[in-house]
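To start, the structure itself, in structure tokens.
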Amino acid sequence: MTVTTLPAASTKRFERKRDLILRAASDLINESGMRGMALADVAERVGLSTTSVTYYFRKKEQLAAACFGLALARLEEFVALAEAEPGPRERTARLVQLYFDATTAAHQGRQAAVARLSEIRALDDPLREETLERYRVIVRRVRAMLDDGSGDAGHEVRTARANTLLEMLFWLDGWIGRYAPEDHPRVRRRFIEILEVGLAPKGWRWAPQAMTLSLPDEPGAAITAGASRQDFLMAATRLINERGYRGASVERIASELNVTKGSFYHHLDAKDDLVLACFQRSLQTIFQAQLGSDGLGGDHLQNLASCIARLLEFQFSDEGPLLRTTALQALPPELRERMVDRSNRVAARFADMMIDAIGEGAMRPVDPLIASQMLMAAINGAYEQRAWADRQPSLEEAIDIYASILFSGVFEPRR
């Protein structure tokens, strides 16, 4: 059999065009999610025909998986470099530095942005499971990075810490642009400080108070005798979190509640309206927890702890979940901007709660703007840890371990 080898120049041209396609597709995924990444749009951005793009990637799914593969390869490279450091603190600081530097370079246009990994769940199997397993291996490596060999932090504790650390890094892209690039090293140092020692002073005791989380009823009649609008939004939120916007079809949502597709369109005009309603419900849930904690009577740090504990309970239990903010990528730009603005107001309220706690001497003097974004990332990512939470001796223990990442840092000795 004769094997035909492409000339080196042809191979270089092929790789160059393939890289351009991957960069354009990654940008589209970041702008509009997988829903907004059409082969025709990718072709237009790189000046090729759609047919030419399919020469490199026959299907949209394959192209998306390749984009996520690039993002995972970059993260694997960062983890490998961090693993070479001598101890957990040095490894963590190195990983954060590498991620900050890459994010800064992408924001300045000095480096191509990679696809946000939060959209992996929108892939179909088997590509979805293959890509998720590659990510799980990274999580296990980060978990091992946090082990100092002393046995002070058990396997389950480090699992929660590794996942939350990565969530905080992924969240970075959404807020680092508010700072001038010259300030990024300072922001990184403060970020690492909060990771290392948390929000609470030494000797502080985790003792959240019980809170009732009352949400106003959504307008509109029940979809069926057994399915309210809240039930509908909850089912939709779970599916969007697990399968992405693209994977949470109207058929799947209706099937989850055993209702007809017509019931969906009776209450919502379009799927975008569904995402909007789910996100409004989630932001209202957080806001109600913030308001509820104000009247508990403790100091401001204990009130903040009670608020976080209640939201983690919501995320880990059948009450939840909150809609992951990555679903916003599927919304039209004007709606997305409106929801991002509301999300920022919620984060700002957390920052105000921290300022009050610092002012009365109950909390360490950390940067509240940075800490509030790290807190939002931890809450947003908690739903992904439901299986982990189910393995803990109790829901209270799961909440305690997870919240300790925020309040005591990722290096606190605990089993």
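The values are calculated or read from the model by the stated rules, or taken from the named source; none is laboratory data. From a predicted model like this one, the values you see are computed outputs, not experimental measurements. All Cβ positions, glycine included, derive from the backbone under ideal geometry; neighbour counts span all protein chains shown.
Quick notes on this one:
- Exactly one residue out of GLN290, GLN280, GLN284 is in a helix (DSSP H, G or I), surrounded by fewer than 22 Cβ atoms within 10 Å (Cβ to Cβ), in the same structural domain as ILE379 (by TED's automatic domain parsing) and in contact with a Lys or Arg (Cβ under 6 Å, 6 or more places away or on another chain), and it is GLN290.
- Which numbered condition ALA64 fails, given (1) surrounded by 12 or more Cβ atoms within 10 Å (Cβ to Cβ); (2) modelled with pLDDT of 90 or more; (3) over 26 Å from ILE240 (Cα atoms): (3)
- Within the stretch 268-299, considering residues that are over 24 Å from LEU311 (Cα atoms) and under 24 Å from the mean Cα position of the chain (by Cα), the one modelled with the highest pLDDT: ASP273
- Selection count where residues are over 21 Å from GLU167 (Cβ atoms), surrounded by fewer than 20 Cβ atoms within 10 Å (Cβ to Cβ) and touching a residue at least 12 places away in the same chain (Cβ under 8 Å), scope the stretch 313-351: 2
- If you check HIS107, HIS184 for being closer than 24 Å to SER343 by Cβ and in contact with a Gly (Cβ under 8 Å, 6 or more places away or on another chain), only one passes: HIS107.
- Extreme residue, farthest from ASP41 (Cα to Cα), among residues of the stretch 56-98 that are of a type in the set (Asp, Glu) and part of a helix (DSSP H, G or I): GLU90
- The stretch 128-167, subset acidic (Asp, Glu) and surrounded by fewer than 19 Cβ atoms within 10 Å (Cβ to Cβ), residue modelled with the lowest pLDDT: ASP152
- Of all residues in the stretch 386-403 being under 12 Å from GLU156 (Cα atoms) and surrounded by fewer than 12 Cβ atoms within 10 Å (Cβ to Cβ), the one that is nearest to the chain's Cα centre (by Cα): ALA387
- Members of the stretch 360-415 that are part of a loop (DSSP other than H, G, I, E, B) and either under 21 Å from PHE191 (Cβ atoms) or charged (D, E, K, R) (or both): GLU360, MET363, ARG364, PRO365, VAL366, ASP367, GLY409, VAL410, PHE411, GLU412, ARG415
- Annotation note: of THR11, THR5, the sole residue that is in a helix (DSSP H, G or I), at pLDDT below 90 and more than 19 Å from the chain's Cα centre (by Cα) is THR11.
- Boolean, TYR265 is touching a Gly at 6+ places or on another chain (Cβ under 6 Å) and either modelled with pLDDT under 80 or not aromatic (Phe, Trp, Tyr) (or both): no
- Residue check, GLY109 surrounded by 14 or more Cβ atoms within 10 Å (Cβ to Cβ), at pLDDT below 85 and of a type outside the set (A, V, I, L, M): no
- Residue that is surrounded by the most Cβ atoms within 10 Å (Cβ to Cβ) [pool: residues in the stretch 360-385 that are free of Cβ contacts under 8 Å to residues at least 40 places away in the same chain and of a type in the set (Gly, Ala, Ser)]: SER372
- All positions within the stretch 101-122 that are assigned to a loop (DSSP other than H, G, I, E, B) and touching a residue at least 12 places away in the same chain (Cβ under 8 Å): GLN108, ALA112, ALA113, VAL114, ALA115, ARG116
- VAL340 being closer than 24 Å to HIS184 by Cβ and not in a helix (DSSP H, G or I): no
- Counting the residues of the stretch 21-61 that are at positive phi and modelled with pLDDT of 90 or more gives 1.
- There is no residue in the stretch 128-136 that is more than 17 Å from THR326 (Cα to Cα), outside any helix (DSSP H, G or I) and of a type in the set (Lys, Arg).
- Restricting attention to the stretch 181-194, the residues that are over 28 Å from PHE68 (Cα atoms) and not acidic (Asp, Glu) total 4.
- Inter-residue pairs, beta-carbon under 6 Å, first surrounded by 20 or more Cβ atoms within 10 Å (Cβ to Cβ) and in the stretch 190-208, second in a helix (DSSP H, G or I) and of a type in the set (S, T, N, Q), 6+ apart: GLY198/SER408; PRO208/SER306
- Take the conditions (1) without any contact (Cβ under 8 Å) to a residue 40 or more places away in the chain; (2) touching a strand residue (DSSP E or B) at 6+ places or on another chain (Cβ under 7 Å); ARG414 misses just one of them, which is (1).
- Taking the stretch 191-214 as the range and being assigned to a helix (DSSP H, G or I) and in contact with a Leu (Cβ under 9 Å, 6 or more places away or on another chain) as the test, the residues that pass are PHE191, ILE194, LEU195.
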